[in-house]
1. Here is a list: ARG219, ARG213. Which entry is surrounded by 13 or more Cβ atoms within 10 Å (Cβ to Cβ), out of contact with any Lys or Arg (no Cβ under 6 Å at 6 or more places or on another chain) and within 18 Å of TRP145 (Cβ to Cβ)?
2. Considering every residue within the stretch 105-115, establish whether at least one is modelled with pLDDT of 95 or more and under 16 Å from TRP65 (Cβ atoms).
3. Taking GLY174 as meeting all but one of (1) out of contact with any Pro (no Cβ under 8 Å at 6 or more places or on another chain); (2) surrounded by fewer than 18 Cβ atoms within 10 Å (Cβ to Cβ); (3) more than 30 Å from ALA270 (Cα to Cα); (4) modelled with pLDDT under 95, write down the number of the exception.
4. Would you confirm whether or not the stretch 195-206 contains a residue that is more than 21 Å from the chain's Cα centre (by Cα) and open to solvent by less than 30 Å² (accessible area, probe 1.4 Å)?
5. So in the stretch 19-71, with the set limited to residues that are part of a strand (DSSP E or B) and among the charged types (D, E, K, R), which one is farthest from PRO244 (Cα to Cα)?
6. Being of a type in the set (D, E, K, R) and either free of Cβ contacts under 8 Å to residues at least 12 places away in the same chain or in contact with a strand residue (DSSP E or B) (Cβ under 6 Å, 6 or more places away or on another chain) (or both) is the filter here; which residues of the stretch 90-103 pass it?
7. Among the candidates ASP106, ASP92, single out the residue that is in a strand (DSSP E or B) and closer than 23 Å to PRO168 by Cα.
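The values are calculated or read from the model by the stated rules, or taken from the named source; none is laboratory data. Model, not experiment: these values are computed from the prediction. Every residue, glycine among them, receives a Cβ derived from its backbone with ideal geometry; neighbour counts consider all protein chains shown. For accessibility, only protein heavy atoms count, side chains too; no ligands or nucleic acids. Shrake-Rupley method; radii C 1.70, N 1.55, O 1.52, S 1.80 Å.
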Amino acid sequence: MTSITALAPVGPVSEAFIRDESLICAIMGPYGSAKTTSCIRKIVQSPRLQNAVIENGRKVRRVRWCVVRDTYGQLETNVLNSWWTWFPKTKDNWNGREMVHRAAFDVVMLNGEPPERWEIETYFRAMGDQKAEDVLKGLELTGLWLNEVDTLDKGVIRFGLPRTGRYPSAAHGGCQYRAVIADFNAPDIDNWTYELLVEKKLPVDDDLAEQLRTRLGPRFAIGFHRQPGGRSKDPEPENVRNLPEGYYESLMMGLTANDIRRFVDNEFGAVRNGQPVYPEYNDKIHCAD
């Protein structure tokens, strides 16, 4: 059985992202803003949204997720290192050959009911040179986490979304909650994630959209959560208390102006065809709502 350590909230935007039950839900922030941690927390809390089944006299809720990154090296460095801080790796819970982790823990109910058993099964996959269709083929999931989604091919949405909502089966309570969650730094405005996650244009035809709307109700939505930049004064940056003193100032050394916009100030990058006419342009100041 796994023991879960409580973590203090890193900020209001992160907390809103974790609570958001939208079909597609994304968080965008600067370096160091705890986006990865927020996605892990969202997965950890997701069993509460599933139907429970009674086994051995107690309620059991199950979810199955898949985490996708561009390469296995980055998956190991940027995702699994954080994952192991929540779920220490053992020979019993981690299958390195299949890249799957299984966790089960008892959750104390605040309403006085007996503790519930929550089970989380998580697959880890890298895109590499493969097509999204091949990477995700055959998976029956509750949800999909696209880590650093702007670095992935947009096929992960086309082929990933239909893989969600398939677990647990009807025999084990059915899948009440399904989702694709994503985290990313502010992309250049010509990146495919801008149209999908910022402008909220879902790439599905009308028939599928109507089916999803009928089944999901208010959950048929794209939730976009934008954290403050690393140099923001009002509101303050999120997770800053967990960062070294001068983190963002040190980070800026060696970055281009466009990199600083994206990775520090959490502003969208420009399409680069030559030199910008107005490099000081800022969406929040110079663009009307």
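1. ARG219
2. no
3. (1)
4. Looking for residues that are more than 21 Å from the chain's Cα centre (by Cα) and open to solvent by less than 30 Å² (accessible area, probe 1.4 Å), one finds none in the stretch 195-206, hence no.
5. GLU55
6. Of everything in the stretch 90-103, those that are of a type in the set (D, E, K, R) and either free of Cβ contacts under 8 Å to residues at least 12 places away in the same chain or in contact with a strand residue (DSSP E or B) (Cβ under 6 Å, 6 or more places away or on another chain) (or both) turn out to be LYS91, ASP92, ARG97, ARG102.
7. Testing whether each residue is in a strand (DSSP E or B) and closer than 23 Å to PRO168 by Cα leaves just ASP106.
One line per residue, one yes/no per condition, for (1) of a type in the set (S, T, N, Q); (2) over 30 Å from ALA209 (Cβ atoms); (3) over 21 Å from the mean Cα position of the chain (by Cα); (4) exposed (fewer than 15 other Cβ atoms within 10 Å of the Cβ):
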residue: ILE24; (1), (2), (3), (4): no, no, no, no
residue: ILE27; (1), (2), (3), (4): no, no, no, no
residue: GLY32; (1), (2), (3), (4): no, yes, no, no
residue: PRO47; (1), (2), (3), (4): no, no, no, no
residue: ARG61; (1), (2), (3), (4): no, no, no, no
residue: VAL79; (1), (2), (3), (4): no, yes, no, no
residue: PRO88; (1), (2), (3), (4): no, yes, no, yes
